Amino acid sequence: MTIKLGTSGFSFKDWRGAVYPDNLKQEDTLRYYQNELGFDCVEINSTYYSLLSGKSFAAMERKTDEGFEFVVKAFRGITHDPFDKRLADKKPSIEDAISYIDKFIYSVHPIREKDKLGAVLLQFPVFFYPGSQSADYIYRCKERFAGIPLVIEFRNKAWARTETFEFLRENGLSYCAVDEPKLPRLMPFINEVCSDIGYIRFHGRNSNWFNSSVEERYNYLYTQNELMEFLPEINKMEKAAKKAYIFFNNCHGGFAVKNALALLKLLEDKADRS
């Protein structure tokens, strides 16, 4: 099985000095990420906040070598806004939300045509609950994203049930296993593989998750022992999937890079012993 490991994003101000040299040009960060740090994939999260242009993806593609892959997080207008009651009359309709998918697919074409689009991540919010309407919406997304591998991440623990994984398997959808704070509403870590793709996102374990800023929410550095606990889980995933993506989303202060490199070393040591 192929394991591809990286971080959820590559361009952050607080990575200067902590990850990247202070004098590194902004346009050279992705090359440094691949060539100097040694990562072969990246999760693009900025697309959650706004749709990027095709030119932006074309520029990123040109800075990476053959074999490098991007997983792109879906725009919030697709996964969050149509279910957010706080938006009131600004809440987009389901049809409006589905229509964003066409624009999204168009924007990622430059990496898709170069065979560097590994998957699209649909991360649904904590206020997205299981039910027939939710399942129908996920199915409609699958139909609109036809031909593109989809990975589904749930935040609400109500999805932690057998029916969820059966639905994903029946529809050829991949499941994102998350490590995040053990809080009442959040999804626990469940190592399920529902397609050829296995997927793990490490969000950190900041217990102040719901009351923190976005930056502070992911302010968590995994210990070596905590990372070692996941080696059996990754081994289990190896037996069930053809490819696995592992991303660290605890990007505060470059923690994601430190943890990703540490886990990569653990996996390499494990491979040497076997």
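Listing for the model above:
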| item | result |
| --- | --- |
| Residue selected from the stretch 1-29 under the condition more than 15 Å from Cys251 (Cβ to Cβ) and under 22 Å from the mean Cα position of the chain (by Cα), by the criterion modelled with the lowest pLDDT | Met1 |
| Members of the stretch 49-108 found to be farther than 20 Å from Cys176 by Cβ, surrounded by 12 or more Cβ atoms within 10 Å (Cβ to Cβ) and basic (Lys, Arg), listed by number | Lys63, Lys91, Lys103 |
| Answer residue from the stretch 1-48, given it is of a type in the set (Val, Ile, Thr) and out of contact with any Lys or Arg (no Cβ under 7 Å at 6 or more places or on another chain) and is farthest from Val178 (Cα to Cα) among those | Thr29 |
| Residues that are among the hydrophobic types (A, V, I, L, M, F, W, C) and in a strand (DSSP E or B), drawn from the stretch 53-107 | Phe70, Val71, Val72 |
| The stretch 180-227, residues that are closer than 26 Å to Pro149 by Cβ, at pLDDT below 95 and among the acidic types (Asp, Glu) | none |
| Selection status of Ala256, modelled with pLDDT of 95 or more and under 21 Å from Ser46 (Cβ atoms) | yes |
| Leading residue by the ranking (nearest to Lys258 (Cα to Cα)) among those in the stretch 219-235 that are in contact with a helix residue (DSSP H, G or I) (Cβ under 9 Å, 6 or more places away or on another chain) and hydroxyl-bearing (Ser, Thr, Tyr) | Tyr222 |
| All positions within the stretch 140-170 that are in contact with a Leu (Cβ under 9 Å, 6 or more places away or on another chain) and either closer than 21 Å to Lys103 by Cβ or not in a helix (DSSP H, G or I) (or both) | Cys141, Lys142, Phe145, Ile148, Pro149, Leu150, Val151, Ile152, Glu153, Arg155, Asn156 |
| Wholly within the stretch 177-274, helices (runs of 4 or more DSSP H) carrying at least 3 residues that are closer than 28 Å to Gly17 by Cα, in contact (Cβ under 8 Å) with a residue 60 or more places away in the chain and out of contact with any Phe, Trp or Tyr (no Cβ under 7 Å at 6 or more places or on another chain) | 255-273 |
| Number of the exception - Arg155 against (1) of a type in the set (Lys, Arg); (2) surrounded by 15 or more Cβ atoms within 10 Å (Cβ to Cβ); (3) modelled with pLDDT under 95 | (3) |
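The values are calculated or read from the model by the stated rules, or taken from the named source; none is laboratory data. What you are looking at is a predicted structure, and each value in this text was computed from that prediction instead of being measured. Please note: Cβ atoms are built from the backbone with ideal geometry, for glycine as well, and neighbour counts cover all protein chains shown.
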